[in-house]
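The values are calculated or read from the model by the stated rules, or taken from the named source; none is laboratory data. Computed from a predicted structure; not experimentally measured. Cβ atoms come from the backbone with ideal geometry, glycine included; neighbour counts cover every protein chain shown.
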Amino acid sequence: MTTLPYRELLSGDKPHKPLLRLKSSRGGRNGFGRITMRHQGGGHKQRMRAVDFVYDKRDIPAKIETVEYDPGRSAFVGLALYADGERRYVVLPKSVAVDSTFLVSENAPLTPGNRLPLGKIPVGTFVYNIELSPRAGAVLVRSAGVNAEVIAHDAGYAQIKLPSSEVRRVSDLCWASVGAVGNEEYNLVNLGKAGRSRWLGKRPTVRGTAMNPVDHPHGGGEGKQGRGLKRAKSLWGKPTGKGQKTRTPKKYSNVFIVSRRKVGKRKKG
């Protein structure tokens, strides 16, 4: 079992109560009580931080007051105090600590934490918290330790290389934050025991090969068997794993993808 040295990484401050939200747990069930997402349930009670991904306070400098843990995400969050007195939680990038400042502006300097339109960010810059629609809020590159790279500008679009190795076109009017998300050692954590997964609300996962044929396409056979199929399938017979393409062939966003992500053996090479 491994964990992060939280006493060294966090500021030790208590969460800001006005920005806390109680997370309701449904155990992966929908409004009819049917399980729509397997392997969810239980876990410790969590209070979510209302993190700001819209960043609609433009041209107002802000100072980071705390560095805190958020049970709802892998990245650390910080309480930002804006010059007008308002406080908001934001996802923290690397090298940003207590008393650091950032600015959301079209003319902000290219320093970690500052936020600008993609059209104002030069090629080769690492970014995170990327919007897909102007003023709609950041939806891409928000997990611990990840970053994207601006690799080109063309015809009103910026070409972004995402952590998955996919290259995607995003409008120059969309905003992004400069830098890379902090807590880069998160991927080194080893839960170590089943109980720690249960604390996080993760229930046990049963292998398809250990099931009966009635329960899974991989089930059945005497003793330990191979799946008996050319391609791996999910419980519902859909392709899964091993580098198989699962993306919808005619998805609306296909026109924005310059280069598909590399999977399986090709990615290793």
Looking for something assigned to a loop (DSSP other than H, G, I, E, B), touching a Pro at 6+ places or on another chain (Cβ under 6 Å) and outside the structural domain of Ile35 (by TED's automatic domain parsing) - is there at least one such residue anywhere in region 205-216? no
Out of Ser25, Ser100, which single residue is under 30 Å from Gly195 (Cβ atoms) and surrounded by 12 or more Cβ atoms within 10 Å (Cβ to Cβ)? Ser25
With criteria (1) among the basic types (Lys, Arg); (2) assigned to a loop (DSSP other than H, G, I, E, B); (3) under 21 Å from the mean Cα position of the chain (by Cα), Lys14 comes up short on (3)
Given the condition assigned by TED's automatic domain parsing to the domain that holds Arg169, on the phi > 0 side of the Ramachandran plot and touching a residue at least 40 places away in the same chain (Cβ under 8 Å), answer yes or no: does some residue in region 79-98 qualify? yes
Check on Ser74, assigned to a loop (DSSP other than H, G, I, E, B), of a type in the set (S, T, N, Q), in contact with a helix residue (DSSP H, G or I) (Cβ under 8 Å, 6 or more places away or on another chain) and in contact (Cβ under 8 Å) with a residue 60 or more places away in the chain: yes
Is one or more of the residues making up region 42-50 outside any loop (DSSP other than H, G, I, E, B) and over 17 Å from Val91 (Cα atoms)? no
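Quick grid of which residues meet (1) of a type in the set (Ser, Thr, Tyr); (2) over 29 Å from Pro239 (Cα atoms):
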position	(1), (2)
Ile160	no, no
Ser164	yes, no
Ala180	no, yes
Asn187	no, no
Gly192	no, yes
Gly201	no, no
Met211	no, no
Can you confirm whether Leu235 is outside the structural domain of Ser105 (by TED's automatic domain parsing), more than 30 Å from Thr3 (Cα to Cα) and surrounded by 14 or more Cβ atoms within 10 Å (Cβ to Cβ)? yes
Say we look at region 122-147 and pick out the residues that are in contact with a Phe, Trp or Tyr (Cβ under 7 Å, 6 or more places away or on another chain) and within 22 Å of Asn107 (Cβ to Cβ); which of these is surrounded by the fewest Cβ atoms within 10 Å (Cβ to Cβ)? Gly137
So for region 126-137 (the condition being of a type outside the set (Asp, Glu), part of a loop (DSSP other than H, G, I, E, B) and over 23 Å from the mean Cα position of the chain (by Cα)), does at least one residue qualify? no
